[in-house]
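Presented below is the structure to which this report refers.
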Amino acid sequence: MDNYHVDIELLVSASLEPVVAFEKPGYEATLLNDKALALFKYEASDQYFLRDFCSRADKFNEQSAIKLFEELLPGVPRIVDWPVRLGHIKWLSAHIQLVESGEQEFVVVIYRDNTYSKENLLKLDNMIAYREMLDRLLAYNININVNEIPLIIDQSLEMVGNYFGCDRSYVFEYSEDLRFKNNINEWCAPGVEPYIDQLQNLPISSFPYLKKMLLNMEVVCVDDIAYLPQDAYEEREEFAKEGIQSILLIPFSEGDRPIGFIGLDHVNSQKNWSKSEVSNLKLLARTFANFLVRVRSERQIEAQRHMYQTLFEAANDGILIFKNGVCIDGNSKAMGEMRCDLKYLISKTLVELSAVQQPDGKSPTYANVYFGEAENGFAQSFDWRLRRPDGSELDASISLNSSRQGSDRLVIAIFRDVSAYKQTVDSLVIHQQQLQKEIDVIVNPVEDVSQLELLHVFELEQLQKMQDAFSFATGISSLITDAEGKPITNMSFSNKVCSRVRSIPKGMEMCMHSSKLLGNKAKELKRPVSSPCLSCGFIDAAAPIIVDGTHIGNWLIGQVRPEDLDAQHLLNYTRSLGLDDEDILAEFKELIKMTPEHFQRILNLLNVLSIELSALGYKNLKLAKTVHKHVNLEKELRAAKQSAEESDRLKSAFLANLSHEIRTPMNGIVGFSELLQYEGLTPDDRREYVRLIHQSSSQLLSIINDIIDISKIESGQIDVRPGYTDLVRLGDDLHAFFIDAATVKSIDLLFEHDNHSEIEVFTDEIKLRQVLTNLISNAIKFTTSGCVRYGFKKLESGGIEVYVHDSGVGIEAENLELIFERFWQAKDTDIKRGGTGLGLAITKAYVELLGGHIKVESERDKGTRFSFVIPKELK
């Protein structure tokens, strides 16, 4: 070697660190000192190349080293990590420098064992990464989309597996009933067989040892499966099948309920777990528990959402959902009934979906009253008419119920088309009315026989059948009329000539006139009579129908061609009507002639039938009177029974309502009295409980006072104690008392007294105050918007008018006479309210004691006005 090469040799051999000199371009290790041979465990006699020093091909192979060498510049050394597999030595620090000698170049590498510091740095990096992973997982738990959770868990398991150097990491989830477990996520190191597909729906009881430990929330840490307890043979067999040498299982729960566990397996080696590692994994397990709880919650929510959506869409009734008063959703049935799409329904109010004309006369805006009560928690059921986009309408039965969605109050409207039902009911009502008329003929006979009519004693169908049978037997046209000549039945048979004549108004008029004259003659003579028709000349006859001496109708027959009827006479008349001669003659010739003798026999038969018909009518009349007496008696008995039942029902309803009204404040008194016994109450809590007890006591006292007052009124024990009273002062007191209740409902409360500073009367102030208190309280209760006005007016008569006027929902006209009855409440009205049903009864009695008479005026949707006049001086 030349001098330079000897210098390289001296450099390599004299170094205190392992040194290798690689000769370019083949990178043969031409120089190694003893320390290098010892480090890499090579022999000095053997030949080595660069690849022999790159034992970690997975981290630093020959190509990586060559690339690094080619980038070296003379005089510019590099220090890099050099991964190796040298027993316990895994990391070397390499000082690399390019040395030139003439045309020959060497790469001199000085090695130093850096395993301890490098692995400590790696552990620190892994720990930081692990902590960052936990931080991300905690952040994910708040912000992550639930659908991304399985992927997050997979990524976390891979990071955990690499951090702890295990071969398999996984998560198991228990079924809701804790009978089965499923491997829901798994990560495996390269070359390790996965088992996730084989570990589904496993009975928890199939591994008794693990079941006992994990369901008791105990960590299972087995460094060597050979040390598993003897009774854990099922677990030992399963672990051996999966090639597990060490295993760590950490359970996690939702509250006290186990929901799964995280597991780490070592397959290629054994692992001794430290307490800090187990502690870190417990934190990860709790994070996974939060993930799974969210997944379970979302599953339940989604299942419920799917169930509700299925019920929503499959419902046989239309369903509309309102938020803040406008529609936000509707089901298919609702769209079908309304004949529209969802876009039409969205943002519509119930008023906008209502027909202008409601069947009970209500305004469409009255829907807001129902809606407002439903929003306040009072379920509403009512009949309503809806308007479709095409202008058609449907009668619907609607129920409104409220539901909360977060801070929003939803109103759910369920409706059903009852148009066909109402048509059927209307048809039944008409039929019932007709039937009732027929029944009335029997059960309500006419007392004054002179007012008797044909249909009072006969059914129309009965008369028609008898008439048709006569015409069929004789071949002669017939008709039954009332006493004034008005047809009762439909004509049986009619010859073609008469049909043509009657088709002309003038001809019909003449025929009816002729029949009326003939009927009057029969009525006068009280026997059958006959004569030629004034129009065509055909023979007609009439027989009177007489019941109990009263003429109630006629049985007319005729349109018979006599033998001597001249066709020219007929044509002269039909020409005046504008009828064609040829048609009339052709039809006239087809008519069968009847002899006077034959017609007389038919007339005799008619006489017999009319007499029998009159007799039958008389029998029907007598029977009707008898039935009428029995029916009246039955009605009286039924009315007495209903009166007794109604009295009993009112008392029962009163007692039931009274028990409820008393129970409510009593519960408040008892409940808050018990709370006052607890130690540790703050002064504010104690004052609040005392206030609520006082409030409940006042409510209970008011109820008891109502009961006492109505009892005194019924027994006549109420005393009137008049004295001088200032009505203006009384009105101001009431305004101060009720202003808060009105303000809460955004109602204006106005006291009107014509600017009088004082109105003095001599009356019972206590009773007058109670009357006004009851009326103003009711007015505020039944008013949702607008105002409540009350006041006093001096009248010219010397009396004082007292009034309370509100803009509330109003009272149905049929209920105005009922509202002052004791125990009565509007049970059939649309809006359900509480109370004993005594307030207005007491008010009416007190007003009368004060010398007045209470009046009420009301109109639906516009309000109610109560008023009464009291004398200025009560005597």
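Within segment 487-499, being open to solvent by 60 Å² or more (accessible area, probe 1.4 Å) and at pLDDT below 85 holds for F493, K496. Within segment 214-231, if we keep just the residues that are open to solvent by less than 20 Å² (accessible area, probe 1.4 Å) and more than 55 Å from the chain's Cα centre (by Cα), the residue that is nearest to N272 (Cα to Cα) turns out to be V222.
The number of residues in segment 382-420 being open to solvent by 40 Å² or more (accessible area, probe 1.4 Å) and without any contact (Cβ under 8 Å) to a residue 24 or more places away in the chain comes to 7. Pairs only if they're at least six apart or on different chains, beta carbon under 8 angstrom, first in segment 221-243 and under 11 Å from P208 (Cβ atoms), second small (G, A, S) and exposed (fewer than 15 other Cβ atoms within 10 Å of the Cβ); list them, first residue then second. Every condition considered, the pairs that remain are E234/S206. Elements of the type strands (runs of 3 or more DSSP E) sitting completely within segment 684-793 and holding at least 2 residues that are closer than 28 Å to S858 by Cα and in contact with a Phe, Trp or Tyr (Cβ under 9 Å, 6 or more places away or on another chain): these cover 748-752.
Filter segment 249-275 for residues that are within 51 Å of the chain's Cα centre (by Cα), closer than 17 Å to V160 by Cα and in contact (Cβ under 8 Å) with a residue 60 or more places away in the chain and give the result. Explain how you work it out, then say what you get.
Of segment 249-275, the ones within 51 Å of the chain's Cα centre (by Cα) are 249-264.
Keeping just the survivors that are closer than 17 Å to V160 by Cα gives 249-252, 261-264.
Those that are within 51 Å of the chain's Cα centre (by Cα), closer than 17 Å to V160 by Cα and in contact (Cβ under 8 Å) with a residue 60 or more places away in the chain: F261, I262, G263, L264.
Contact map, segment 118-135: first residue modelled with pLDDT of 70 or more and acidic (D, E), second residue open to solvent by 80 Å² or more (accessible area, probe 1.4 Å) and outside any helix (DSSP H, G or I), Cβ cut-off under 9 Å, separation 6 or more or different chains; pairs are E119/K90.
So in segment 586-610, with the set limited to residues that are open to solvent by 100 Å² or more (accessible area, probe 1.4 Å) and free of Cβ contacts under 8 Å to residues at least 12 places away in the same chain, which one is farthest from L455 (Cα to Cα)? For segment 586-610, the residue satisfying everything is K589. Scanning segment 176-213 for residues that are open to solvent by less than 30 Å² (accessible area, probe 1.4 Å) and among the hydroxyl-bearing types (S, T, Y) yields a single hit, Y195.
For segment 232-250, filtered to residues that are of a type in the set (D, E, K, R) and outside any loop (DSSP other than H, G, I, E, B), the residue that is least open to solvent (accessible area, probe 1.4 Å) is E235.
Can you find a residue in segment 799-820 that is at pLDDT below 90 and under 30 Å from M666 (Cα atoms)? Among the residues of segment 799-820, at least one is at pLDDT below 90 and under 30 Å from M666 (Cα atoms), which makes the answer yes.
Of all residue pairs spaced 6 or more apart or on separate chains, those with beta-carbon atoms under 6 Å, a first member in segment 312-335 that is over 13 Å from L410 (Cβ atoms) and a second member that is open to solvent by 30 Å² or more (accessible area, probe 1.4 Å) and assigned to a strand (DSSP E or B) are D317/I414; D317/R416. Of the set (1) out of contact with any Lys or Arg (no Cβ under 7 Å at 6 or more places or on another chain); (2) modelled with pLDDT under 90; (3) open to solvent by 60 Å² or more (accessible area, probe 1.4 Å); (4) of a type in the set (K, R), all apply to R729 but (2).
The criterion of at least 3 residues that are more than 13 Å from V109 (Cα to Cα) and either at pLDDT 85 or above or not charged (D, E, K, R) (or both) is met by the following strands (runs of 3 or more DSSP E) wholly inside segment 1-96: 78-86. A single entry from H735, H756 fulfils the requirement of being modelled with pLDDT under 85 and touching a strand residue (DSSP E or B) at 6+ places or on another chain (Cβ under 9 Å): H756.
Out of curiosity, is S269 part of a loop (DSSP other than H, G, I, E, B), hydroxyl-bearing (S, T, Y) and surrounded by fewer than 16 Cβ atoms within 10 Å (Cβ to Cβ)? Even if it seems obvious, please write down each step before you answer.
Values: part of a loop (DSSP other than H, G, I, E, B): yes; hydroxyl-bearing (S, T, Y): yes; surrounded by fewer than 16 Cβ atoms within 10 Å (Cβ to Cβ): yes.
It is true that S269 is part of a loop (DSSP other than H, G, I, E, B), hydroxyl-bearing (S, T, Y) and surrounded by fewer than 16 Cβ atoms within 10 Å (Cβ to Cβ).
Scanning segment 32-47 for residues that are buried (at least 18 other Cβ atoms within 10 Å of the Cβ) and in contact (Cβ under 8 Å) with a residue 24 or more places away in the chain yields A36, L39, F40. Pick from S297, S253: which is exposed (fewer than 13 other Cβ atoms within 10 Å of the Cβ), among the hydroxyl-bearing types (S, T, Y), out of contact with any helix residue (DSSP H, G or I) (no Cβ under 6 Å at 6 or more places or on another chain) and not in a loop (DSSP other than H, G, I, E, B)? None of the others qualify; the one that does is S297.
Suppose we filter D583, D566 for residues that are out of contact with any Asp or Glu (no Cβ under 7 Å at 6 or more places or on another chain), surrounded by fewer than 16 Cβ atoms within 10 Å (Cβ to Cβ) and touching a residue at least 40 places away in the same chain (Cβ under 8 Å); which single one remains?
Numbers: D566 fails: touching a residue at least 40 places away in the same chain (Cβ under 8 Å).
Residue meeting the stated conditions: D583.
A single entry from G519, G558 fulfils the requirement of being part of a helix (DSSP H, G or I) and either of a type in the set (S, T, N, Q) or more than 60 Å from the chain's Cα centre (by Cα) (or both): G519.
Against the definition (touching a Phe, Trp or Tyr at 6+ places or on another chain (Cβ under 6 Å), in contact (Cβ under 8 Å) with a residue 12 or more places away in the chain and not acidic (D, E)), how does S614 come out, yes or no?
Working: touching a Phe, Trp or Tyr at 6+ places or on another chain (Cβ under 6 Å): no; in contact (Cβ under 8 Å) with a residue 12 or more places away in the chain: yes; not acidic (D, E): yes.
For S614, the condition - touching a Phe, Trp or Tyr at 6+ places or on another chain (Cβ under 6 Å), in contact (Cβ under 8 Å) with a residue 12 or more places away in the chain and not acidic (D, E) - is not met.
What's the number of the condition L534 fails, among (1) touching a His at 6+ places or on another chain (Cβ under 8 Å); (2) surrounded by 19 or more Cβ atoms within 10 Å (Cβ to Cβ); (3) over 21 Å from A473 (Cβ atoms); (4) among the hydrophobic types (A, V, I, L, M, F, W, C)? Evaluating L534 over (1) touching a His at 6+ places or on another chain (Cβ under 8 Å); (2) surrounded by 19 or more Cβ atoms within 10 Å (Cβ to Cβ); (3) over 21 Å from A473 (Cβ atoms); (4) among the hydrophobic types (A, V, I, L, M, F, W, C) leaves (2) as the failure. Looking across segment 796-818, the residues that are touching a residue at least 60 places away in the same chain (Cβ under 8 Å) and either surrounded by 11 or more Cβ atoms within 10 Å (Cβ to Cβ) or part of a strand (DSSP E or B) (or both) come down to G799, I800, E801, V802, Y803, V804, H805, V809. Could you grab me the full set of residues in segment 732-773 that are surrounded by 15 or more Cβ atoms within 10 Å (Cβ to Cβ) and of a type in the set (S, T, N, Q)? Matches in segment 732-773: T763, Q770, T773.
Is it fair to say V369 is among the β-branched types (V, I, T), open to solvent by less than 70 Å² (accessible area, probe 1.4 Å) and assigned to a helix (DSSP H, G or I)? Reasoning before the result, please.
Values: among the β-branched types (V, I, T): yes; open to solvent by less than 70 Å² (accessible area, probe 1.4 Å): yes; assigned to a helix (DSSP H, G or I): yes.
Taking the combined requirement at face value, the residue satisfies it.
Pull up segment 536-555, narrow it to residues that are outside any strand (DSSP E or B) and not acidic (D, E), then point me to the one that is nearest to K625 (Cα to Cα). Walk me through how you get there before you give the answer.
Of segment 536-555, the ones outside any strand (DSSP E or B) are 536-538, 548-549.
Among the residues that remain, those that are also not acidic (D, E) are: 536-538, 549.
Numbers: C536: 45, G537: 44, F538: 42, G549: 17 Å.
Filtering segment 536-555 for residues that are outside any strand (DSSP E or B) and not acidic (D, E), the one nearest to K625 (Cα to Cα) comes out as G549.
Taking segment 430-443 as the range and being open to solvent by less than 60 Å² (accessible area, probe 1.4 Å) and either at pLDDT 75 or above or not charged (D, E, K, R) (or both) as the test, the residues that pass are V441, V443.
The values are calculated or read from the model by the stated rules, or taken from the named source; none is laboratory data. Being a predicted model, the structure only gives us computed values, none of them experimental. Cβ: placed from backbone, ideal geometry, glycine included. Neighbour counts: every protein chain shown. Note: accessible area is taken over every heavy atom of the protein model, side chains too, but ligands, DNA and RNA are not part of it. Shrake-Rupley method; radii C 1.70, N 1.55, O 1.52, S 1.80 Å.
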